[in-house]
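First the structure, in the form of structure tokens, and then the observations on it.
Values quoted throughout were computed directly from the atomic coordinates according to the rules given, and no laboratory measurement underlies them. Here the structure is a predicted model, which means the values were calculated and not measured. Backbone-built Cβ (ideal geometry, glycine too); neighbour counts: all protein chains shown.
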Amino acid sequence: MLMKVLEERIRQEGSILSDTVLKVDSFLNHQVDTQLALEIGEQFAQIFANRGITKVITIEASGIQFAMATGIALKVPFIYAKKKKAVTLNEQVYTAPVYSFTKQETYQVCVSAKYLGPHDKVLIVDDFLATGAALVGLVDIVSVSGAELVGVGCVIEKSFQEGRSLLEKKGVEVHSLARIAAMSPGEVTFVRGEQT
Ligand code: G4P
Ligand code: NA
Ligand code: NA
């Protein structure tokens, strides 16, 4: 089961930099285990099967490999929203401000209006669900475009942070493959029960 495989990789290869930051650079977001990424894509495609998804969307950079894998499995294109510092007012672009807690600055997430519209059914995919700031920005962009949001799929959710509840308050369906209840150096505890 993919969930178990992921939990084991996190336990064995993850390093916990603080009580809130998990480094998984050996297989998820610096070096990428390509086979695992494809399996993650297949899992999201299975979870969101028969929902009429026309597009997968993520934010650069480290959501890209999982959005691509999911797009391959669903046989639809994927879009990666771009991050820009400057606010460019352009009618052809949907933007949403995102506050980065790690960099302590606000950046704009941008998607060209050419590639997203009312005819689309969208699945958002990302590597981490943490504070939800970036994902809420993407949810807002999907909403402004007139597209229908089917749900959000995240590889790793840090359930002790507020991202999931922020998204659920907006009525968004969230599925995470590995859900971390708590972590400290040398120890990771996963949320038990309904996992996807
Ligand atoms: P999010 O929950 O909506 O992803 O937003 P948040 O603002 O909390 O996270 C900011 C960035 O930090 C995101 O990357 C997110 O994936 C990443 N991140 C959050 N927690 C962790 C963690 O514990 N470990 C690692 N490795 N990354 C974490 P991003 O904005 O998409 O940037 P990029 O790194 O993909 O370029
Ligand atoms: Na990310
Ligand atoms: Na990231």
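Take L17 and Q35, extend 7 Å from each Cα along the Cα→Cβ direction, and tell me the distance between the two endpoints in nm.
Taking the simple label geometry, L17 and Q35 are separated by 2.9 nm.
So what is the relative contact order of the chain, in percent, for Cα pairs below 8 Å that sit 6 or more residues apart? Mind showing how you got there, number by number?
Details: 389 pairs, mean separation 37.2, N = 196.
Reported as a whole number, the value is 19 percent.
For the range 2-190, what is the largest minus smallest coordinate of the Cα atoms on each principal axis, given in angstrom and ordered from greatest to least?
Principal extents (largest minus smallest coordinate, Cα): 49, 38, 31 Å.
Each label point is 7 Å from the Cα along the Cα-to-Cβ direction; what then is the distance between the points at E42 and V191, in nm?
Output for this residue pair reads 2.6 nm.
What does the charge add up to near C154, with Lys and Arg as +1, Asp and Glu as -1, over the other residues with Cβ less than 11 Å from its Cβ? Write down the numbers at each step before the final one.
Details: positive: K158, R164, R179; negative: D126, D127, E157.
Once all neighbours under 11 Å are counted, the net charge is 0.
Which lysines, on any chain, are close to K121 with Cα under 19 Å apart, when same-chain ones fewer than 8 places away are left out?
K55, K75, K170
Quickly estimate the mean residue ellipticity at 222 nm for the chain, helices only: each DSSP H run with n ≥ 4 gives -39500 (n - 2.57), and the total goes over all residues, rounded to 500. If you can, show how the numbers build up before the last one.
Working: 5 runs with 57 residues, N = 196.
When only DSSP H runs of four or more count, the value is -9000 deg cm²/dmol.
To the nearest 0.05, how large is the calculated FRET efficiency for V5 and K169 if R₀ is 35 Å and r is the Cβ-Cβ distance? Don't skip to the end; give the middle numbers.
Values: r = 31 Å, r/R0 = 0.89.
Rounded to the nearest 0.05, the efficiency is 0.65.
Calculate the length of the line joining the C-alpha centroid of the range 1-30 to that of the range 133-163, in whole Å.
21
What nm distance separates the two modelled labels at A182 and I72, each placed 7 Å from Cα along Cα→Cβ?
3.9
What is the angle, in °, between the Cα long axis of helix 133-145 and the longest principal axis of the Cα atoms in the chain? Nearest 10 is fine, range 0 to 90.
Taking Cα atoms only, the helix is inclined about 30 degrees.
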